[in-house]
Amino acid sequence: MEDCLAKKMEITVSEAEKRTGRNAMNIQETYTAYLIETRAVESQSEGQCGPVESLWRRYSEFELLRNYLSVTYPHIVVPPLPEKRADFVWHKLSADNMDPDFVERRRIGLENFLLRVASHPVLCQDKIFYAFLMQEGGWKELVNETGFQLKADSRLKALNATFRVKNPDKRFTELKHYSDELQSVISHLLRVRARVADRLYGVYKVHGNYGRVFSEWSAIEKEMGDGLQSAGHHMDVYAASIDDILEEEEHYADQLKEYLFYAEALRAVCRKHELMQYDLEMAAQDLTSKKQQCEELATGTVRTFSLKGMTSKLFGQETPEQREAKIKVLEEQIQEGEEQLKSKNLEGRDFVKSAWADIERFKEQKNHDLKEALISYAVMQISMCKKGIQVWTNAKECFSKM
């Protein structure tokens, strides 16, 4: 961690700007660009920092970076991006992805993503990531030149691996199940939070009705008028405070959403392991089949029914020379298959070792982050309750003075 980029460089996404331009289809579109600012921390002169470097990136470029990292480092739980469009929001808050409040929360999320990558012991050393931070022109061409898209596994192959792996690793099966449950629990939690937020909004706003009624009442009461008017004022202030409170609460929700999306990053690691196991089993099966064919040719016996064996019986056997040539080809293929199988076994062991080390790192990070987020959320709820107690305490004092 001492060598990670986050220790050597300050990284911020300091600004979001609405822009209009033309896309690849030459259609005019409106999008948001984000200003990334970096500054090298000079270790030689203590307390001094280098000059600020800045460049603009679109959300789609952040997506391209994350796709590249996910394909290039399949054994790593790659940090997720914040949502492109708002989800799990209480209905009084805009779900428009151009809404200034949402754009601001997404700006914070994008900065968090960059800091997560810059703090990761492996990802922080990636040259494409460094270029993303420092090189505005030509970065897309640079990432596409890596050919990472060719390494991406097809969905059909991933589906085959899920259903056809004969000996899945129990640890990864359990991890996949855990990630499903984690996503389900956090989704439910966010839905409950949105419903609670909506009801709180209603409760706070109804206090504004108290304010209006007390104000109207004060107009017809000479002795009680000042007390009623003051109590009404406290109610109005309380009712108006909910907008800022629930906007602040959305930031805590975004911390939970990050781990909702992390669940998919965990599943991606599990799927990659399934694919490796599937390739290994297919290679072993192919090798076994070739060894059997070689043995059958060498001994002249056919163990299993095959169209080829039936054809030989009907139209005559192969000459010894033909059989020898086939045996030689099969022996070469068997040797090549054994080397390939050995390589895949080694690759699989390395993957498991690296993946499990990163999963343990992720678990430690998750436990710390979720604990902090839930404590902060509880503190905010306590603060809201205290505010409610205070408004009625103030109202009581106003009534007592009447």
With point charges of +1 on the Cβ of Lys and Arg and -1 on the Cβ of Asp and Glu, referenced to the Cα centre of the chain, which listed residue (His75, Ala325, Val192) lies farthest in the positive direction of the dipole?
Ala325
Exposed trypsin sites (Lys or Arg not before Pro) absent: longest stretch of the chain, with sites in DSSP loops and at most 12 other Cβ within 10 Å deemed exposed
304-400
Through the Karplus equation 6.51 cos²θ - 1.76 cosθ + 1.60, θ set to phi - 60°, convert the phi angles of segment 326-333 into ³J(HN,Hα) values in whole Hz; use x for Gly and Pro.
5, 4, 4, 4, 5, 4, 5, 5
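Mind listing which GluC sites (Glu not before Pro) in segment 132-220 are in a DSSP loop and have 16 or fewer other Cβ atoms within 10 Å?
On the way: sites: Glu136, Glu141, Glu145, Glu174, Glu181, Glu216; in loops: Glu136.
Answer by residue number: Glu136.
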Can you list the lysines whose alpha carbon is less than 24 Å from that of Lys396, not counting same-chain residues fewer than 8 positions off?
Lys205, Lys222, Lys386, Lys387
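Only helical DSSP H runs with n ≥ 4 go in: add -39500 (n - 2.57) per run for the chain, normalise by residue count and round the 222 nm mean residue ellipticity to 500 deg cm²/dmol. The partial results should precede the final answer.
Working: 12 runs with 280 residues, N = 402.
It comes out at -24500 deg cm²/dmol, rounded to the nearest 500.
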With the chain treated as a Gaussian network of Cα nodes joined by springs under 10 Å, which of Thr299, Thr20, Thr162 yields the largest mean-square fluctuation?
Thr299
Candidates Pro80, Pro320, Pro168, ranked by Gaussian network fluctuation over the chain, Cα under 10 Å, top entry:
Pro320
What size of dipole, in debye to the nearest 20, comes out for the chain about its Cα centre when the only charges are +1 on Lys and Arg C-beta atoms and -1 on Asp and Glu C-beta atoms?
1280 debye
Out of every Cα-Cα pair in the chain, what percent are more than 35 Å apart?
51 percent
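Every read-out reported here was derived from the displayed coordinates using simple, explicitly stated rules and does not represent laboratory data. Computed from a predicted model, the values in this text were never measured in an experiment. For neighbour counting, all protein chains shown are included, and Cβ atoms are generated from backbone atoms with ideal geometry for every residue, glycine included.
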